[in-house]
Each structure stands twice: as structure tokens, then as C-alpha cells.
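Just below is one structure, and these are the notes that go with it.
Every number in this text was worked out from the coordinates using simple rules, so none of it is lab data. All of these numbers come straight from a predicted model, not from anything done at the bench. All Cβ positions, even for glycine, are placed from backbone atoms using ideal geometry, and neighbour counts span all protein chains on display.
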Amino acid sequence: MSNVKQIVMPGDPVEVPNLKPRNGVYKCGDNAYCSQFFGILQESEQFVDVVPFTGKYVPRRNDKVIGKVIEIGPSMWIVDISSTYTTLLHMNDAPWRVTSGELKRYMNVGDYVYAKILSINEIKESWITMKDVGLKKLEGGTLVSLPAPKVPRIIGKGGSMVNMIKDATHTRIMVGQNGVIWLDGAPENVIVAIGAIRKVEEEAHTVGLTDRVKKYLEDKKGEIVGNSE
Amino acid sequence: MGTASDKKLFDENGLRLDGRSPGDLRPIRIETDVLNRADGSAFIEWGGNKIQVAVYGPREAYPRHMQDINQAFVRARYNMAAFSVDERKRPGPDRRSMEISKVISEALQAAIMVELFPRAQIDVFIEVLQADAGTRIAGLTASAVALAAAGVPMRDLVVGCTAGKVDGKVVLDLSKEEDNFGQADLPIAIMPKSGKVVLMQMDGDLSVDEFNEATSMIFKATERINQIQRDALKKNYANTAQDWGE
């Protein structure tokens, strides 16, 4: 168990002394918790979670996501956020003064948005909003996607991983909680950044990932344009 | 059961046609993540059975009137390829495959946490490429692996096995000949952690004692099959660990 965290299967008991089971578990007896997922055990200070290796994004309030407009109604854009359900963007939640029936003039089918989950109800209908700092329609750039459960690893503790990739490759990166990532910069740099992201994706379940990504970025230093050295 | 015949299904040492003793399983091999476009997939070889399973979803259920506001529904589709059996099978759904699709859907629905996905459906496509008795159980066993690989929340895996009566003897994991010329066939699928039965069908006749013997054989065999499922799931992730040789 040195470099891979403990792997659990659906139904496996989740028992770690002194830690409370939190996400990815269900009650399978009196005071007993079992895993819902095929994934790894992740221990934090107070809690133990089961993090699945893959799976659909589950929307949560205030998550920032990147979505694709797939349909336009008279007053709503229907947006695909690679979750089980599509989500809705009402014209009043857009940053423009939109009149009903004129939605196409602002965003068309196929456009991407960086938006925030506004609310979600018991039958998993959800609404997103673009009325917050930094939320916008995405123009230019490149998109990559990966399974939503791996997003926390891409971001790292307090954004350490994504900031490291940003600084090393001189690219602009926006990470949606749903696993869609937007990158912009010189094409050579974007390729290196995507390589780093793919590396995190493949090795998300291992320990000591930051050091290996650091080494990867150092090895690729020569390919990056715009370095001051 | 097929027609009665004087075909000998045991040799003088009490071994079966393929050299197994009554309590032996056929060799089983499972592979996961074999299809890129599916959310989860698995391929199983169980003796002569070769079955490909693909899982899609949970995704919004269509047609709209099928949506259940409280839970997702599981739609398994068991399909045999025209070339999967000796004599060409007329392609498309028939009474047998529709029945199997139904019982597999219900077995999986018991294991999947469907209540987490209102209005959704989970599709499981089971394609039998080569059939050699026990395909419903092999398909179900592989489906559970594919669902776990797809990251679908489940209470437990599902694992199954068959037993039956051949020449008056209870044997585990019937082969094609034993299925055709035997007296009974009993497929059972369970959730291995809780031991709950999620699928049970019987074809032919068994006495109570024989039934008990068959079930205990199956329950014991499912432990081994469950281990094969777990090893198959783990394999992809153990490899990445070894790649660095750390």
C-alpha cells in the first residue's frame, strides 16, 4: 500500500478507526457503512470518503461548471454539463439584457459557458447562472474533459496542482467541477498542459502525484514558448 | 431440458465430459474497460461463453413517459448474435431473450442505488458472441463488473452461478451437453456481501435435498467468482502502480 491508496468495491465495509465515513458510503447495518462505489478510500482529518474512479458529475449548489448549449427555448438555454441531467440557463441569469425569443443573438447551440449552479431540486432539475465574478461565455481556447471525480486532484490542495500547471506552461486554465477544462495559450504550451492534466487523470488514485507532475513539467520545459530563461 | 438420450455424461472415474469433477467451475476470465465510448464495459469468457457488456448512464430516461420521478430504471438488453450458437439463430429479440432481459434488469435494479437518480435510466447491453450454457448468469456477472467500472453507485456487486442435475447427480456450472441432456438447471444470482438472492430460475425437477445441495454448491462457487470480478476490476489500477516501478 505504499504508492496506491486502498481500493474498495461496492458493498465493501468502510471502517477506519477514529474517522467518520462521509461521501460515497451507505448504511449497511447498525453503525456499519459500506462503499457505494468502485474507487479508493480517501482519508482526511476527520472523515473518510470513497472516491470513485469514474462516473457522472452530480451537480451541487455553487459549483462552477463548464457546459455546452445544446438547445434554445423561448426563454432558456438548455445546457449539457456532462451530468445525468441537462441543466437550464434562464435569460434573466445571463449577463446580457436579453428579450424573450432573442436568445440566439447572444449564445447559439454549440457555444460553451462557464457558469455556476444556482439551484437544484429533489427531482434533479437544476438551473445555472452567469451572474457572478468570472462567469462568462467561453470564446477561443481548447477544451478537454475527464471524469468528474478526478477534478479535485486536478485542482490540488488549495489549487496547488492547477496553479503549478498554469505557472509552468504560461496558459490560462479554467476547471469546471463537472470535469470539463478550458485552456488558452500558445499551442505548444497548451499541449504540455494537456499532457500534465492527462497524467493527473491516469494517476489520480496514487500518492505523491504532485512531485511526479512537477518532474513531468520540468522535463517538458524545453518545449514551452515564452520562458524568460 | 432437452430430449432424453443415452448419451453418457460421466466417464468411469465419475468425471464430466470436459474432465471436471461435479463441483468444478469452468475457467472464467473477465476484462474491464474494453470499449472506449461506453461509460463502463466488460468482457467475460466463461468456459465457451464469450459475452460483451456495455453500460451507458445513468442518463435521462426516454421516452419521457417511462421516467419515474422516484428512481432510475435499469434497462438490460440481452441479445444473442446470430453466430453465437451451432445453428444460426434468427437475429432480434425473441421470447427467451426478452425474458432474460427482464430478469437481469430486475436483478441489477436490486443492487444499483436507483433512488439516487430520479427520471433516469441505466442501459446495460449484453451481447452474447458465443454461447455455451449459462449465458444469463455469465452476462449478469459481467454486467455487475461493467456497472462498477462505470462508477454507478451500487449496494453490492451481483454474482451468479448455475447448478443442475445430470444423470441423477447434482453438478455445478452446467456445460452445453449437460444442459441439453440433463434433468435440471438452476441459475442463481446473489449479492455476495449480504447473500441476498436477486435471480433464481429453475428448469426441470429437483428434490428438496437436491435443491439444497445445488444451492449450497452455488453459494460456495459465487465466492470464487466474486473474487474473479474483484481482481478484474482492480487489475487496471494495479498496472498503473507497477508502471513506475516504485
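Rounding to the nearest 20 debye, state how big the charge dipole of the range B:1-107 is about its Cα centre with +1 on each Lys and Arg Cβ and -1 on each Asp and Glu Cβ. Write out the running numbers ahead of the final one.
Working: 18 positive and 16 negative charges, 80 e Å.
Here the range B:1-107 has a charge dipole of around 380 debye.
Summarising the amide proton neighbourhood of B:MET113: residues at separation of 5 or more, or on other chains, whose placed amide H is nearer than 5 Å comprise B:MET154, B:ARG155. Note that the range B:28-239, at 20 °C in a medium of 1.002 mPa s, gets a Stokes-Einstein diffusion coefficient of 123 µm²/s from its Kirkwood radius over C-alpha pairs. Sorting B:TYR78, A:TYR114, B:TYR62 by the number of Cβ atoms found within 10 Å of their own Cβ, with the fewest placed first, yields B:TYR62, A:TYR114, B:TYR78. Listed by Cβ neighbour count within 10 Å, with the fewest neighbours leading, A:LEU103, A:LEU143 appear as A:LEU143, A:LEU103.
Between the C-alpha center of the range A:187-205 and that of the range B:118-168 there is a gap of 35 Å. Reachable lysines from B:LYS234, Cα under 26 Å, same-chain residues fewer than 8 places away excluded? Counting by Cα, and skipping residues close in sequence, B:LYS234 has these lysines nearby: A:LYS5, A:LYS20, A:LYS27, A:LYS56, A:LYS150, A:LYS199, B:LYS50, B:LYS193, B:LYS196, B:LYS220.
Within 13 Å, Cβ to Cβ, of B:LEU206, how many net charges do the neighbouring residues add up to if Lys/Arg are +1 and Asp/Glu are -1? If you can, show how the numbers build up before the last one.
On the way: positive: B:LYS165, B:LYS169; negative: B:ASP185, B:ASP203, B:ASP205, B:ASP209, B:GLU210, B:GLU213.
Its environment carries a net charge of -4.
Within chain B, the longest segment free of exposed loop sites, counting trypsin sites (Lys or Arg not before Pro) that fall outside DSSP classes H, G, I, E and B and have at most 14 other Cβ atoms within 10 Å, spans B:89-246. About its Cα centre, the dipole of the protein assembly as shown is roughly 1560 debye, where the only charges are +1 on Lys and Arg Cβ and -1 on Asp and Glu Cβ.
Roughly how crowded by other chains is peptide B:149-160, in terms of the mean Cβ count from those chains within 10 Å of each of its Cβ atoms? Spell out each step's value before the answer.
Numbers: counts 4, 6, 12, 8, 12, 8, 7, 8, 5, 2, 0, 0.
Across the residues of B:149-160, the mean count of other-chain Cβ atoms within 10 Å is 6.
Distance distribution note for the protein assembly as shown: the fraction of Cα pairs above 30 angstrom is 54%. Helical content alone sets the calculated 222 nm signal of the protein assembly as shown at -8000 deg cm²/dmol, taking -39,500 (n - 2.57) per DSSP H segment of four or more residues and averaging over every residue. Think of chain A as having a plus end and a minus end, set by charges on the Cβ of Lys, Arg, Asp and Glu; of A:TYR33, A:ASN62, A:SER82, A:ASN62 sits farthest toward the positive end of this dipole. Positive contributions from Lys and Arg (+1) and negative ones from Asp and Glu (-1), summed over other residues with Cβ under 12 Å from the Cβ of B:LEU233, come out at -1.
Once you charge only the Cβ atoms, +1 for Lys and Arg and -1 for Asp and Glu, what is the size of the charge dipole of the range A:1-118 about its Cα centre, to the nearest 20 debye? List each step's numbers first, then the result.
On the way: 13 positive and 12 negative charges, 78 e Å.
Result for the range A:1-118 is approximately 380 debye, rounded to the nearest 20.
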